[in-house]
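The values are calculated or read from the model by the stated rules, or taken from the named source; none is laboratory data. All of these numbers come straight from a predicted model, not from anything done at the bench. In this analysis, Cβ positions are derived from the backbone assuming ideal geometry, glycine residues included, and neighbour counts consider all displayed protein chains.
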């Protein structure tokens, strides 16, 4: 039998985190604006896939182990930060040629929307901490198999649904026209946010490693 309290608690906390703007929101929004609804929804699906990965890791207890395995978490933090810096630089450079960033190229294959979005979500160390801590706190030690299945499914559906809404709204004609008029500003702001956050994660990870 599904533990409804644990399910609602975990899914609710993850949902609140999903609606808070962050790297994943930026990537899905930029993809939807630059490449339209189909690529935007593929990016949303990439976030959902990453959420499923995090959820499965968390229900097995590996999430907590990862957070407390200092050296491994530091490596992931630095690697994730570097990836976000890379993505930020791509966004900064995109407007110079008038071509959208790699994650949103209209003529590129589907994986160029899905994979970068998934990697962006997976590379965020704050997400690892949130998943590890909330699952460890709210999930009973003797959780049933039904609960262990329902929680990852619920979390994945909620995160995917939110980003599908974001992709659908921002790929509408109105936002598309606004983006077309200010593509350079939008890409630079998005690139600065991602790059700055990635630099912070990487530097903080390196500083932790050398202590």
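Hey, among 143, 150, which residue is surrounded by 14 or more Cβ atoms within 10 Å (Cβ to Cβ) and not in a helix (DSSP H, G or I)?
143
Before we move on, is residue 65 at pLDDT 80 or above and surrounded by fewer than 19 Cβ atoms within 10 Å (Cβ to Cβ)?
Answer is no for this residue.
Would you mind stating whether residue 71 is out of contact with any helix residue (DSSP H, G or I) (no Cβ under 7 Å at 6 or more places or on another chain) and either part of a helix (DSSP H, G or I) or at pLDDT below 85 (or both)?
yes
Of these, 80, 46, which one is in a helix (DSSP H, G or I), surrounded by 16 or more Cβ atoms within 10 Å (Cβ to Cβ) and modelled with pLDDT of 90 or more?
Being in a helix (DSSP H, G or I), surrounded by 16 or more Cβ atoms within 10 Å (Cβ to Cβ) and modelled with pLDDT of 90 or more holds for just one of 80, 46, which is 46.
Confirm whether residue 93 is modelled with pLDDT under 80, part of a helix (DSSP H, G or I) and surrounded by fewer than 16 Cβ atoms within 10 Å (Cβ to Cβ).
For residue 93, the condition - modelled with pLDDT under 80, part of a helix (DSSP H, G or I) and surrounded by fewer than 16 Cβ atoms within 10 Å (Cβ to Cβ) - is met.
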